[in-house]
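This report refers to the structure that appears directly beneath it.
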Amino acid sequence: MIKRIIEEKIEKLMKQFPAVALVGPRQCGKTTLAKIIQKKSKIEGVYFDLESPQDLRKFDNPELFLTAHEQYQVIIDEVQRMPQLFPIMRSLIDKKRKAGRFLLLGSASPELVKGSSESLAGRIYFLEATPLQLIELPDKNNAIQKHWFRGGFPAAWKAKNDDDFYQWMDGFVRTFIERDLNNLFGTTFSPNLMFKLWRMLAHYHGGIWNAQSFSKGLDVSSVTVNRYLDHLKGAFMVRKLLPYYHNTSKRLVKSPKVYIRDSGLLHYLLDIHHAKNLQYHPMLGYSWEGYVIEQIISLLPNNIQPYYYRTQDGAEVDLVLVKGIKPIACIEVKYSETPSLSRGLAESIKDLKTKNNYIITTGNDQIWPINKWINAIGLRSFLVDILPKIITK
């Protein structure tokens with residue numbers, strides 16, 4: 001069993017808040033994690049899955065049913081399917097406020113966020129669950145290469161070989177597009193259009209978002225393209241990395257970048273069946289960039305926000321970490337063991353005046369200086385040794 005970093009956070013929050021909501025993509029391990037936490041709890045617990053018709057029928061009279069279980073720690077999976085539960089839980093919490101009473105699991109639908117934030121304000125804490133992160137995995141030979149190629153969905157990571165990984169991902173994507181998205185958001189999507197959009201996004205991974213380009217390629221309106229993208233983002237499948245603005249006379253790029261969040265999903269959409277084939281693919285560098293960025297962002301606390309930075313004059317850095325309104329780190333990602341300092345990165349550091357500047361490489365984990373104000377380092381070492389120091393300063 002892989003120990004999840006988020007486990008201790010959930011346990012701590014369950015001692016503070018009457019309700020904790022764990023949201024994240026399908027198949028990322030939320031249910032397994034919730035059951036582990038419940039098993040360790042001193043309070044007897046019960047689990048209900050609202051995608052199970054049998055469990056759903058138990059909530060015909062939800063207030064009466066939940067009142068009958070007020071002595072238990074209640075886990076409700078796929079809670080977004082019954083947004084009417086939120087005001088009922090608010091009433092029950094106010095009558096008997098007890099930490100750790102509800103653990104709610106959801107696959108990131110707007111109903112979950114909207115319903116609980118309105119009805120359970122001050123009573124709930126939201127926490128995002130991700131697929132397996134690199135630093136949760138054993139530090140063994142080729143662990144990074146395997147995790148990068150297959151991504152973090154537990155079933156994909158644990159597959160016996162690359163063929164089994166690809167087959168699992170094929171079933172996951174088709175089920176998600178044909179059934180899950182419609183159920184999550186209560187609307188109807190064209191599976192064919194969604195699949196084409198996802199494929200296009202994979203080939204555009206790490207690029208500046210331009211809805212009109214996609215609308216022409218898909219022969220639909222830019223409004224439809226943006227709506228589909230927003231739902232993929234809402235389901236934690238796509239990340240929109242916003243540009244960093246600051247007071248400057250320089251002309252800045254102001255559109256977001258788009259990334260497929262899970263690298264295994266990206267490689268499936270790019271039709272890369274085996275890890276060895278990735279090394280010859282034209283998207284190799286962009287894939288590594290997105291993978292590194294996602295691993296870093298997944299470890300950031302709420303008070304530090306990620307951006308990218310690019311000017312019309314060529315200054316550019318892949319990831320800027322900002323605390324409040326102050327940039328605290330510039331991070332460039334290079335698929336190279338011996339990276340050099342580009343003019344664009346040097347200009348960005350000069351513009352942003354950051355003191356923590358790193359190039360993440362594919363080489364060994366030992367840190368080495370590029371010059372007096374920027375260092376190169378391997379990914380795992382950065383995540384374990386450097387990032388915690390940056391975010392706690």
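The values are calculated or read from the model by the stated rules, or taken from the named source; none is laboratory data. Computed from a predicted structure; not experimentally measured. With ideal geometry, Cβ positions are generated from the backbone for all residues, glycine too; neighbour counts draw on all protein chains shown.
Side notes on the structure shown:
- Condition check for Asp219: free of Cβ contacts under 8 Å to residues at least 12 places away in the same chain, exposed (fewer than 14 other Cβ atoms within 10 Å of the Cβ) and of a type in the set (D, E, K, R): yes
One line per residue, one yes/no per condition, for (1) over 20 Å from the mean Cα position of the chain (by Cα); (2) closer than 25 Å to Ala346 by Cα; (3) crowded, with 17+ Cβ neighbours inside 10 Å; (4) small (Gly, Ala, Ser):
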residue: Arg239; (1), (2), (3), (4): no, no, yes, no
residue: Leu242; (1), (2), (3), (4): no, yes, no, no
residue: Asp262; (1), (2), (3), (4): no, no, yes, no
residue: Ile272; (1), (2), (3), (4): yes, no, yes, no
residue: Lys276; (1), (2), (3), (4): yes, no, no, no
residue: Tyr291; (1), (2), (3), (4): no, yes, yes, no
residue: Ser298; (1), (2), (3), (4): no, no, yes, yes
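- Among the candidates Lys250, Lys276, residue that is at pLDDT below 95 and either part of a helix (DSSP H, G or I) or polar (S, T, N, Q) (or both): Lys276
- The stretch 136-178 - residue that is of a type in the set (S, T, N, Q) and over 17 Å from Leu270 (Cβ atoms) and, of those, surrounded by the most Cβ atoms within 10 Å (Cβ to Cβ): Thr175
- Residue check, Asp271 within 18 Å of Tyr204 (Cα to Cα) and either in a loop (DSSP other than H, G, I, E, B) or touching a residue at least 24 places away in the same chain (Cβ under 8 Å) (or both): yes
- Residue match in the stretch 289-299 (condition: more than 30 Å from Gly171 (Cα to Cα) and part of a loop (DSSP other than H, G, I, E, B)): no
- Any hit, the stretch 177-186, residues being in contact with a helix residue (DSSP H, G or I) (Cβ under 8 Å, 6 or more places away or on another chain), touching a residue at least 12 places away in the same chain (Cβ under 8 Å) and not in a helix (DSSP H, G or I): yes
- The test for being outside the structural domain of Leu345 (by TED's automatic domain parsing) and small (Gly, Ala, Ser) does not hold for Ala315.
- Inclusion of Tyr228 among residues that are aromatic (Phe, Trp, Tyr), touching a Pro at 6+ places or on another chain (Cβ under 7 Å) and either assigned to a helix (DSSP H, G or I) or closer than 30 Å to Phe189 by Cβ (or both) is not warranted.
- Asp262 being touching a residue at least 24 places away in the same chain (Cβ under 8 Å), under 19 Å from Phe176 (Cβ atoms) and among the acidic types (Asp, Glu): yes
- Residue within the stretch 213-230 that is among the acidic types (Asp, Glu) and either more than 30 Å from Thr361 (Cα to Cα) or at pLDDT 95 or above (or both) present: yes
- Top-ranked residue in the stretch 333-354 [being touching a Pro at 6+ places or on another chain (Cβ under 8 Å) and either aromatic (Phe, Trp, Tyr) or not in a helix (DSSP H, G or I) (or both); ranked as nearest to Val320 (Cα to Cα)]: Thr354
Residue-by-condition table, conditions (1) without any contact (Cβ under 8 Å) to a residue 12 or more places away in the chain; (2) more than 27 Å from Glu128 (Cα to Cα):
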{"position": "Glu316", "(1), (2)": "no, yes"}
{"position": "Val322", "(1), (2)": "no, no"}
{"position": "Tyr335", "(1), (2)": "no, yes"}
{"position": "Trp368", "(1), (2)": "yes, yes"}
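- Leu132 meets all of the listed conditions (1) assigned to a helix (DSSP H, G or I); (2) touching a Gly at 6+ places or on another chain (Cβ under 6 Å); (3) aliphatic (A, V, I, L, M) but one, namely (1).
- Scanning the stretch 324-341 finds one or more residues that are out of contact with any Ser or Thr (no Cβ under 9 Å at 6 or more places or on another chain), buried (at least 21 other Cβ atoms within 10 Å of the Cβ) and not assigned by TED's automatic domain parsing to the domain that holds Leu266.
- Checking Phe236 against (1) on the phi > 0 side of the Ramachandran plot; (2) free of Cβ contacts under 8 Å to residues at least 12 places away in the same chain, the condition it does not meet: (2)
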